[in-house]
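No value in this document is a laboratory result; all are computed from the given coordinates. Nothing here was measured: the structure is a model prediction, and the numbers come from that model. Counting neighbours? That spans all protein chains shown, and the Cβs are built from the backbone with ideal geometry, glycine included.
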Amino acid sequence: MNLLQYWRERTVYGRLAGKGILGMNCRNIRYISRYNPRTLYPLVDDKLKTKTLALEHGVNVPDLIGVIDNQHDVRKIAKMTDGIPGFCIKPAKGSGGKGILVIDRVVDGVYYKTNGQPISLQDIQRHISNILAGLFSLGGKTDFALVESLIKVDDAFRQFTHEGVPDLRVIVFRGFPVMSMMRLSCASSKGKANLHQGAVGVGISMDTGGAVRAVQSGRPVTHHPDTKQPLSELVVPQWIGMLELACACYDMTGLGYLGVDLVLDKNRGPLLLELNARPGLSIQVANNAGLLPRLRRIESIKKPEKFPIVERVAYSRTHFAAQSDL
Ligand SMILES: Nc1ncnc2c1ncn2[C@@H]1O[C@H](COP(=O)(O)OP(=O)(O)O)[C@@H](O)[C@H]1O
Ligand SMILES: [Mg+2]
């Protein structure tokens, strides 16, 4: 984070004072180290492991086309994706949208990125080589590349995104969904729905799935910067199904403080994109609300594991509703 970003975040969090904002130290000490056993981290720090676990638990994920784990196999990408109209190549241990290459369509042997620019097979292969070398992974460790089928944006989100797939982040605490935000890709985020790449974060009310507030780079916004669509009109379809899927990720990992990233595929419905054992705090800025009061409420529930998913979702929808500022 550069000095300007740091200053902006400080100012933004300052404005949230008194709303029970969860800070970095408190998150790390009181929640992450207490509720997330370290031994479980590998399940979420490797996207292939997460995908395998999800499939074992009946949690839907984008289809895996293949894995490339050594330099010799880099040239197999053309054959692996032969006849597939669109796909996504990503580092298994990447984060923050780094190293993600989305091929939107392939026409007469020419590959096109989401922004319509063509990319040569050699460049795609070079990109995969860079992934294997660890260019995008945590600590520069060697990595491998996942090739996934392309997620198709649900029609409800068409006007709320630019050249990319929006995703939904849900914070799930002890199996209860506590706060959520949509991340909308825009021109400045280059088709990726990652806030640090410049995507718009939209706070979502837990009861209805409707937008409550939106920010881009820490500043409030009311319309999508590229499509100009009013963000007040954003409502997440299949809201209850999305929350239920998020809760199922607690049951399948055992991680008590979890960031669940979901997408809504036009044909397949809610899908799990990735999990995060150290989810960021800016979801509070997008919601203009602090996490602490919600976390404390869930902490006061005795034996939360005895509640089935539907009851957990109903509880959160009742207690964590929010009014729209948009
Ligand atoms: N299979 C896919 N099809 C289309 N877009 C994708 C796909 N996978 C990821 N993306 C885009 O890239 C973004 C980041 O992907 P993600 O798997 O969450 O990786 P990271 O850990 O880097 O955030 C997503 O929010 C989405 O916008
Ligand atoms: Mg992500």
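Near residue 243, once Lys and Arg are set to +1 and Asp and Glu to -1 for all other residues with Cβ below 15 Å from its Cβ, the sum equals -1. Applying both filters, DSSP loop and at most 11 other Cβ atoms within 10 Å, to the trypsin sites (Lys or Arg not before Pro) of segment 294-326 gives 302.
Listed from fewest to most Cβ neighbours within 10 Å, the set 55, 255 follows the order 55, 255. When the listed pairs 93/192; 98/266; 49/306; 79/113; 49/79; 47/303 are checked against a 22 Å cut-off, the alpha-carbon distance exceeds it for 98/266; 49/306; 49/79; 47/303. Under 25 °C and 0.890 mPa s, how fast does segment 22-98 diffuse according to Stokes-Einstein, given a Kirkwood radius computed over C-alpha pairs? Answer in µm²/s, whole number. Here the translational diffusion coefficient equals 160 µm²/s.
Rounded to the nearest 500, the helix-only mean residue ellipticity at 222 nm of the chain stands at -7500 deg cm²/dmol, with each DSSP H run of n ≥ 4 adding -39,500 (n - 2.57). When the charge dipole of segment 64-149 is built from unit charges on Cβ atoms (+1 for Lys and Arg, -1 for Asp and Glu) and taken about the Cα centre, the candidate among 128, 78, 147 whose Cα reaches farthest toward its positive end is 128. For segment 64-149, the percent of C-alpha pairs falling in each 10 Å distance bin, counted from 0 to the bin holding the largest distance, reads 19, 55, 24, 2. Remark: 181, 24, 252 ranked as 24, 252, 181, counting other beta-carbon atoms within 10 Å and listing the fewest first. Suppose a student asked you for the relative contact order of segment 175-248, using Cα pairs under 8 Å spaced at least 6 residues apart; what percent would you report? Relative CO of segment 175-248 lands at 25 percent. Considering segment 113-229, its Cα convex hull presents a mean projected area of 9.4 nm².
Taking the Cα atoms of the chain, the ratio Rg/Rh between the radius of gyration and the Kirkwood radius comes to 0.96. Of the residues 249, 26, the one with the fewest other Cβ atoms within 10 Å heads the list, and the complete ranking is 26, 249.
Using Cβ point charges alone (K and R +1, D and E -1), the dipole size of the chain about the Cα centre works out to roughly 1160 debye.
Taking a ≥ b ≥ c as the square roots of the eigenvalues of the alpha-carbon gyration tensor, segment 214-326 is classed prolate because a/c is 1.5 or more and a/b outweighs b/c.
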